[in-house]
Amino acid sequence: MRLLAVNSTRIWGGAEVFFQILCTAMADRGHEVTLVCHPDSELRRRIIGDDRIRIAPLAIRAELNYFRSLQLATILHDVRPDVLLAHRPKDVKISSVARWLAKGMPIVHLKLYGEPLKSRFDFRFFWKREVDAMVAASHETFHRLREDAPWLGDMPVEVIHNAVDTNRFRPLPELRERARAQLGNSHDVLVVSYHGRLAPPKRVDLAVRAIAAAARQARVRGLIIGDGPEGRALRELAIELEAPVTFVGFRDDVPDLLAGCDVEITMSEIEGSTPMSVLEAMACGLPVIASDATSHPEAVEEGCGALVEPGTPEGAAKAILALADDPAKRRAKGEAARARAVEQFGIDKMIDRYEAFIRQVIGRGQAQSRS
């Protein structure tokens, strides 16, 4: 198949990790893949060296920009994809206008973000008239989509969970002592990690508060990997609470750093999919403490960690202390997390689902054009 994926985001986050996995895995299977992305994006920087994937730089900023739509239409004329996969709402709208100019190919909206589809005229117009199908990256997103946008009617929506590279993200016990020593963590300290974007929906402030509370009762330290608009405020919060938390910023060696950790924590309350960070931590053999909200329960089963009350740090602090007091339970949950990541969230399983669904969408479009 000839696939064209559109992701206008400049930042590096879970959705961009997903697009990198999707594009490279589809190329591995022999499909022709073109990625339309912002010329200054981290996604472009990470894929540009892969000769199997064609990069088409396009700075999509506004939700409706007819010049950008014309540029995208030119790309569509050249590539002639069998299907167009669009990420954000502005990607869908500009792709729709470009398709008017270029003709052909169905549009599939990949719903990887947590915000609902708005019940405005422009959303209703483009999604009801131009979007042929959608992928929801979690069952929770699917149900919210049906509740928030009943006007989608009988549009085909497939639930396909994200995947993690379990070869890159895997337990690395040989790196454990070195990773801990680099950050000044002794062997008898419980290291609680968070890795991902430091942004309001992630509620990293609750993770910092939970670590601070647990550290008053046990030898607990926190490790925050990543950066974002809340980075400065979170560092100030850690100082205010006297929380033993180390901030290392954005890093490319996340698996190596997680090798020196014992538990992953995430307290986000709105996600479009199970966060990539959760799947990555599970694949590294870490039990996960997650808020019992959004799509977390779809990944974090009881044997893989703990689901705690959202919006408050108390439950998370209690879960941290429970794991700190029981190394055997911590080890068992980590092994179960790794097994679940491999069995349920491997790349091959995800790509099988995408290939089958995309072929269905293409087949429906061909049948409609003949009728």
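Pick from the stretch 148-203 the residues that are of a type in the set (Asp, Glu) and closer than 28 Å to Leu22 by Cα: which of them is farthest from the chain's Cα centre (by Cα)?
Asp154
Whether any residue in the stretch 296-307 is more than 18 Å from Val164 (Cβ to Cβ) and part of a strand (DSSP E or B) is what I want to check.
Within the stretch 296-307 (the criterion being more than 18 Å from Val164 (Cβ to Cβ) and part of a strand (DSSP E or B)), the answer is yes, since at least one residue qualifies.
Of these, Val108, Val97, which one is touching a Ser or Thr at 6+ places or on another chain (Cβ under 6 Å) and either in contact (Cβ under 8 Å) with a residue 40 or more places away in the chain or surrounded by fewer than 24 Cβ atoms within 10 Å (Cβ to Cβ) (or both)?
Every option except Val97 fails the conditions.
Can you pull out the helices (runs of 4 or more DSSP H) entirely within the stretch 45-157 that have at least 1 residues that are within 20 Å of Ile362 (Cβ to Cβ) and among the β-branched types (Val, Ile, Thr)?
66-79, 89-102
Please tell me if Glu42 is open to solvent by less than 60 Å² (accessible area, probe 1.4 Å) and acidic (Asp, Glu).
Yes: the conditions hold for Glu42.
What residue, of Ile347, Ile358, Ile320, is crowded, with 19+ Cβ neighbours inside 10 Å, farther than 15 Å from Val192 by Cβ, at pLDDT 95 or above and not polar (S, T, N, Q)?
Selected residue: Ile358, the only one of Ile347, Ile358, Ile320 that is crowded, with 19+ Cβ neighbours inside 10 Å, farther than 15 Å from Val192 by Cβ, at pLDDT 95 or above and not polar (S, T, N, Q).
The values are calculated or read from the model by the stated rules, or taken from the named source; none is laboratory data. It should be emphasised that the depicted structure is a prediction, and the values quoted were computed from it without experimental measurement. Don't worry about glycine lacking a Cβ; one is built from the backbone with ideal geometry, like all the others, and counts go over all protein chains shown. Protein only, heavy atoms only, side chains kept; ligands, DNA and RNA dropped before computing areas. Shrake-Rupley method; radii C 1.70, N 1.55, O 1.52, S 1.80 Å.
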